[in-house]
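Notes follow the structure.
The values are calculated or read from the model by the stated rules, or taken from the named source; none is laboratory data. This structure is a prediction, so every number in the text was calculated from the model and none was measured. Every residue, glycine as well, gets a Cβ built from its backbone with ideal geometry; the counts of neighbours run over all protein chains shown. Please note that ligands, DNA and RNA were not included when accessible areas were found on the heavy atoms of the full protein model with its side chains. Shrake-Rupley method; radii C 1.70, N 1.55, O 1.52, S 1.80 Å.
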Amino acid sequence: MSFTREFEIVGGDFASAGRVSTEIKAMLRGIGYPPDVIRRTAIASYEAEMNTVMYARRGSVRLGLEPGVIHLVFADEGPGIPDIGLAMQEGFSTATDEMRERGFGAGMGLPNIQRNADRLEITSEVGRGTRLDITVLTDEEAGR
Amino acid sequence: MTSRLQSRTLRIDPDRCSGHMSCVRVCPVEAIRAWHGKAEMLSGRCIDCGLCIRVCKSGAITPRQGSMPDLKRFRHTVAIPSPALYAQFGRDVTPAQIIAALKRVGFDEVADMTPACEAVLLSIQRMVQERRSEGPLISPHCPTVVRLIQVRHPSLLPLLAPVETPQEVMAQAIRTHRAKVLGLRRDQIAIFHITPCPAKASDLKYHTHHQASQLDGAVAISQIYGEVKRALASRESDMGNVQNGVSGPCLGWALVGGQGGSIETGNSIAVGGLESVIRTLEDIENGKLHDVDYVECRSCREGCVDGCLTVENLYEARNKLVHLIRRRGSQIDPTSPSVRDLTERSDLILSKPVEPRPSQTLDSDRARAIEKMQRMEDLCARLPGIDCAACGAPTCRAFAEDVVQGRVEEASCPLMLQQRLRKTVADLSAILDQLPRPPGGGEGEGKS
Ligand SMILES: Nc1ncnc2c1ncn2[C@@H]1O[C@H](COP(=O)(O)OP(=O)(O)OP(=O)(O)O)[C@@H](O)[C@H]1O
Ligand SMILES: [Mg+2]
């Protein structure tokens, strides 16, 4: 029993930004995960989707469901992150003024993902792109 | 089959339904199907928003409301009107006149919700001010919004302000007081809410919260409108003991933004219309809106005054309320004794949280649900994806769900069926082409 589904994300497309996360959330609801699991996954996926929209040219996300775990793999073609440790710090942001006007750029996205996911792995190559591996454990299944 | 198809609040009359599909498409929770050319309701899904009632061209969808209650059956009858009622009957008819007319219709008493609205608002104000945790408080007073959160956004349930609705608070207080003063048993008193929407009516039977409702029934504004209008026209105007009058904060209760206008919060927003409500709830769930401390969400675009069981033109009705509020002010008087009494009641605050109602789950077994989701995805990939609704479901995705859940056959997608027929015809003709032609009469029109 497993499930995978891939979604495309278009860089710079603020008008439909967040739509992929909404769709993912609807699927998680259909599976019947506990509210807290859905909430944590939704926040992580939304922040990662927004980063892809804001910083990358294009990207995709693969949603994978297995017993006890939700996997999200975001992979984008974009500028990459030169210093991941720095990017992970609360408040660090390279958002433009325009992004800030839209209410982004508080430098809280990556820390928020870290907080809500059970595991987060970031790999990035400057000039090529960034990959986020996000894992959320769906607790009460851990023992099955 | 029909046994699992129903809404507890709405009724679809198959004889009047003309199969237009407007209701199927408009339903925000995809609760309606038209598999056999007539609309039917998937049970347990409806959130009582009433959008289907509004869009149905043939008037086939009606609220399941009882007939007007026989008021003479009870020792003491009380009407608690939604403030949306005061917006009806034109600009020149005051709330006090409407209350007097309601009495002439046959209620022993008409209780205006002013003290309850104000007490509830003061409690919310305190909760907002004392709040420390993340995320805004959400107003719990539109039953459709509460149901939407139960069904679609259960993770937001802890953000619902744990307060009763003013009509419940009012009913509880009145029953206790009148039973004592009139020397009646509690069950000899019958209390009815005059409601602008089916959601508030069904909330009595299926109280969104845990305790049983304090109201004995609901009467739609549209149901009683004619009688009140007649009573207003008759001369013998008994303005008897209509006291202080309906206050601004109470009238504001019927309008989007009316709540926030009467309480002091740092940064509250008001959202009207289900589509906007859903978008806002999504935002909150995504961790946005952290600077907002109170969110007033209403299923109807303009608030209760826009309820689908109201009669008067919406904008005229809305104007009347705005005008009245401007004259009466939107300030709450926290020292008023009736408000203070109610504020101190323990039943104002809900003791238990509202529970989720996951009606959109594919299977109660997690592993099977995941398997079904995969099957849905696979089927979706093969479906035309144009959401034509010809199969009776609002979207291809909803159709895929129906198939996976065994509600319909895959072949009930007309486009898939056509594709399959085409293929069958092509296969057959390929077979025919390979067969040796029979001598003589075998060649017929096919060759012409
Ligand atoms: N996919 C990405 N590609 C390139 N750079 C990224 C990517 N994701 C994050 N970054 C870099 O890391 C920084 C921090 O990201 P983070 O999401 O924590 O904050 P933010 O996006 O700037 O602001 P917020 O998320 O609060 O709106 C970004 O400003 C950006 O420089
Ligand atoms: Mg970010």
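By the scheme Lys and Arg +1, Asp and Glu -1, what is the net charge of all other residues having a beta-carbon under 13 Å from that of B:A190?
+2
Would you list which lysines come within 20 Å of B:K288, measuring only between C-alpha atoms, while excluding same-chain residues fewer than 8 positions from it?
Cα-Cα hits under 20 Å: A:K25.
Please compute P(r) over all alpha-carbon pairs of the stretch B:368-430, binned at 5 Å starting from zero, and give each bin as a whole-number percent.
Once binned at 5 Å, the Cα pair distances of the stretch B:368-430 give 4, 19, 27, 22, 13, 9, 5, 1, 0.
When only alpha-carbon atoms count, how far does the protein assembly as shown stretch along each of its three principal axes, as whole angstroms with the largest first?
Its Cα atoms span 96, 80, 46 Å along the three principal axes.
What figure in square angstrom, to the nearest 10, would you give for the accessible area of B:D48 with a 1.4 Å probe?
0
Which value, in debye to the nearest 20, describes the size of the charge dipole of the protein assembly as shown about its Cα centre when Lys and Arg Cβ atoms bear +1, Asp and Glu Cβ atoms bear -1, and nothing else is charged?
Taking the Cα centre of the protein assembly as shown as origin, the dipole is about 2000 debye.
Using the Cα centre of chain B as the reference point, and only Cβ charges (+1 on K/R, -1 on D/E), how large is the resulting charge dipole? Debye, rounded to the nearest 20.
In debye, rounded to 20, chain B gives about 880.
What does the charge add up to near B:C300, with Lys and Arg as +1, Asp and Glu as -1, over the other residues with Cβ less than 12 Å from its Cβ? Before the final figure, lay out each step's value.
Working: positive: B:R54, B:K200, B:R298, B:R301, B:R318; negative: B:D48, B:E275, B:E302, B:D306.
Net charge in that neighbourhood comes out at +1.
Any aspartates and glutamates with Cα under 16 Å of the B:K38 Cα? List them, leaving off those in the same chain fewer than 8 positions away.
Within reach: B:D13, B:D15, B:E30.
With a cut-off of at most 13 other beta carbons within 10 Å, and DSSP calling the residue loop, which GluC sites (Glu not before Pro) in the stretch B:309-399 qualify? Please list them.
B:E344
Provide the solvent-accessible area of B:S338, counting protein heavy atoms only and rolling a 1.4 Å probe, rounded to the nearest 10 Å².
Roughly 50 Å² of B:S338 is accessible to a 1.4 Å probe.
Counting only DSSP beta bridges with both residues in the protein assembly as shown, tell me the antiparallel percent, nearest 5. List each step's numbers first, then the result.
Values: 40 of 60 bridges.
Bridges in the protein assembly as shown are about 65 percent antiparallel.
Say we join alpha carbon atoms closer than 10 Å with springs in a Gaussian network model of chain B; which of B:R437, B:R357, B:R397 then has the biggest fluctuation?
B:R437
Using a Gaussian network model on chain B with a 10 Å cutoff between Cα atoms, which of B:P95, B:P69, B:P115 fluctuates the most?
Taking springs between Cα atoms under 10 Å, the residue moving most is B:P69.
Mind listing P(r) for chain B? All alpha-carbon pairs, 20 Å bins, whole percents.
In order of increasing distance, the bins hold 22, 49, 20, 6, 3, 0 percent.
Only sites in a loop by DSSP and with at most 16 other Cβ atoms within 10 Å count here; which trypsin sites (Lys or Arg not before Pro) in the stretch A:1-93 make the cut?
A:R57
Cα-Cα over 26 Å: which of B:K72/B:K180; B:K200/B:K229; B:K57/B:K320; B:K103/B:K200; B:K57/B:K372? Intermediate values should be presented prior to the final figure.
On the way: B:K72/B:K180 21 Å; B:K200/B:K229 23 Å; B:K57/B:K320 29 Å; B:K103/B:K200 22 Å; B:K57/B:K372 36 Å.
Where the Cα-Cα span goes over 26 Å, the pairs concerned are B:K57/B:K320; B:K57/B:K372.
B:E264 accessible area, nearest 10 Å², 1.4 Å probe?
Number for this one is 120 Å².
As I understand it, the value is the acute angle between the Cα axis of helix B:143-152 and the longest principal axis of the Cα atoms of chain B; what does it come to in degrees, rounded to 10?
40
Mind telling me which of A:G127, A:G11, A:G64 comes out most flexible in a GNM of chain A, alpha-carbon contacts under 10 Å?
Answer for the Gaussian network model of chain A: A:G127.
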